[in-house]
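The values are calculated or read from the model by the stated rules, or taken from the named source; none is laboratory data. None of these values were measured; they are calculated from a predicted model. Positions of Cβ are generated from backbone atoms using ideal geometry, with glycine treated the same way; all protein chains shown enter the neighbour counts.
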Ligand code: UDP
């Protein structure tokens with residue numbers, strides 16, 4: 001089996017590459033190394049069935065070159081991270097919309113099976129008790145840049161669905177809910193590595209807003225086998241599947257867990273959203289997946305606890321040489337914060 005992983009030098013992609021090689025695939029990675037890095041691929045770099053192509057999904061010729069001859073394509077390349085989307089909305093829109101259309105077009109042409117990595121962001125501010133794949137999308141103003149990511153990924157999904165219904169492209173969509181694990185960087189705004197980095201340095205943990213907002217974090221080690229399960233299952237074609245963590249936790253409780261697990265002496269600071277991100281940011285109060293479809297179709301059952309996740313992220317951060325990746329730069333440094341612990 002020949003697999004292509006776009007975005008394979010990224011956090012999730014690099015774990016997927018390792019798993020595919022372990023299962024006997026020939027694996028090509030296409031990555032522009034914008035947020036991914038070669039160091040994420042250190043364990044596989046010299047593997048005889050592995051090759052890395054540095055290039056962009058925005059170039060149809062490059063995409064054609066790497067997809068040709070592949071049986072299946074895991075499309076993970078995207079501009080990700082709330083901080084990055086707010087700082088450079090135009091690049092995010094271009095990469096996430098035009099780049100994905102290139103991948104869809106070429107897969108349709110070559111007959112490769114495609115997995116599109118989408119996101120729970122597409123549900124926007126829908127705070128339903130369990131977000132089902134058919135739940136409504138509740139997005140804020142188009143002029144708030146946070147929503148450009150949800151909009152772009154929504155277009156990607158609609159594109160994929162149309163290629164399936166009109167051309168019979170074998171494509172499946174997964175919506176990832178706050179996937180976390182080793183190699184994830186805090187600098188693009190993801191909360192777990194950002195807070196773990198702060199805890200390890202003894203800096204205050206920056207909890208945005210009231211900290212009462214909740215998320216369901218899932219381990220990359222639970223997600224990767226599910227990605228392969230989905231692409232290998234014909235019953236998932238033309239469908240979207242939620243893949244999220246099993247336990248809802250507030251960001252404040254997450255910060256407390258991080259301090260406990262890392263043994264840090266840091267305090268927790270509440271930081272107003274506009275101090276953290278500047279304008280263009282709106283948060284969602286909660287985001288809880290209904291994983292029933294993924295459970296029924298591919299046996300998805302996330303097992304990793306938040307403590308195990310935090311431990312894995314802490315070990316990974318401690319082993320990185322470039323510590324500037326650990327935490328995000330805030331729009332304005334710690335003005336008007338509240339120390340609560
Ligand atoms: N967050 C936080 N401190 C940080 C980074 C993020 O309190 O240093 C909050 C953020 O406002 C959100 C939650 O943590 O409520 C998850 O943020 P992330 O960007 O990781 O994911 P998403 O918002 O996409 O769920």
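If only residues of region 90-125 that are crowded, with 16+ Cβ neighbours inside 10 Å and assigned to a loop (DSSP other than H, G, I, E, B) are counted, the one that is farthest from the chain's Cα centre (by Cα) is 112. Residues that are under 23 Å from the mean Cα position of the chain (by Cα), buried (at least 17 other Cβ atoms within 10 Å of the Cβ) and without any contact (Cβ under 8 Å) to a residue 60 or more places away in the chain within region 253-271 comprise just one, 257.
Kindly indicate whether any position in region 71-78 is over 22 Å from residue 150 (Cβ atoms) and in contact with a helix residue (DSSP H, G or I) (Cβ under 9 Å, 6 or more places away or on another chain). Break it down stepwise before answering.
In the first step, residues of region 71-78 are kept if they are over 22 Å from residue 150 (Cβ atoms); the result is 71-73.
Subsequent filtering for residues that are in contact with a helix residue (DSSP H, G or I) (Cβ under 9 Å, 6 or more places away or on another chain) retains 72-73.
Yes, because at least one residue in region 71-78 is over 22 Å from residue 150 (Cβ atoms) and in contact with a helix residue (DSSP H, G or I) (Cβ under 9 Å, 6 or more places away or on another chain).
Would it be correct to say that residue 189 is modelled with pLDDT under 95, touching a helix residue (DSSP H, G or I) at 6+ places or on another chain (Cβ under 6 Å) and part of a loop (DSSP other than H, G, I, E, B)?
On the way: modelled with pLDDT under 95: yes; touching a helix residue (DSSP H, G or I) at 6+ places or on another chain (Cβ under 6 Å): yes; part of a loop (DSSP other than H, G, I, E, B): yes.
Yes.
Scan region 192-234 for residues that are assigned to a loop (DSSP other than H, G, I, E, B), more than 10 Å from the ligand (Cβ to nearest atom) and either more than 17 Å from residue 258 (Cβ to Cβ) or touching a strand residue (DSSP E or B) at 6+ places or on another chain (Cβ under 7 Å) (or both) and the total you get is 3.
On the given criteria, is residue 82 in contact (Cβ under 8 Å) with a residue 24 or more places away in the chain and away from the ligand (no atom under 16 Å from the Cβ)? Considered against the rule, which asks whether it is in contact (Cβ under 8 Å) with a residue 24 or more places away in the chain and away from the ligand (no atom under 16 Å from the Cβ), residue 82 comes out as no.
Taking residue 159 as the residue in question, decide whether it is in contact (Cβ under 8 Å) with a residue 12 or more places away in the chain, touching a helix residue (DSSP H, G or I) at 6+ places or on another chain (Cβ under 9 Å) and more than 27 Å from residue 290 (Cβ to Cβ). Against the criterion (in contact (Cβ under 8 Å) with a residue 12 or more places away in the chain, touching a helix residue (DSSP H, G or I) at 6+ places or on another chain (Cβ under 9 Å) and more than 27 Å from residue 290 (Cβ to Cβ)), residue 159 does not qualify.
How do the strands (runs of 3 or more DSSP E) wholly within region 1-89 filter down when requiring 3 or more residues that are at pLDDT 95 or above and surrounded by fewer than 22 Cβ atoms within 10 Å (Cβ to Cβ): which remain? Please lay out each step first, then the result.
On the way: elements: 2-6, 26-31, 50-54, 72-75.
Of the strands (runs of 3 or more DSSP E) lying wholly inside region 1-89, those with at least 3 residues that are at pLDDT 95 or above and surrounded by fewer than 22 Cβ atoms within 10 Å (Cβ to Cβ) span 50-54.
For beta carbons closer than 7 Å, sequence separation of 6+ or different chains, a first residue in region 272-287 that is free of Cβ contacts under 8 Å to residues at least 24 places away in the same chain and a second that is assigned to a loop (DSSP other than H, G, I, E, B) and within 8 Å of the ligand (Cβ to nearest atom), there are no qualifying pairs. Among all residues of region 142-157, there is at least one that is surrounded by fewer than 20 Cβ atoms within 10 Å (Cβ to Cβ), more than 16 Å from the ligand (Cβ to nearest atom) and in a loop (DSSP other than H, G, I, E, B). With respect to being touching a helix residue (DSSP H, G or I) at 6+ places or on another chain (Cβ under 6 Å), surrounded by 16 or more Cβ atoms within 10 Å (Cβ to Cβ), at pLDDT below 95 and outside any strand (DSSP E or B), residue 280 fits the description.
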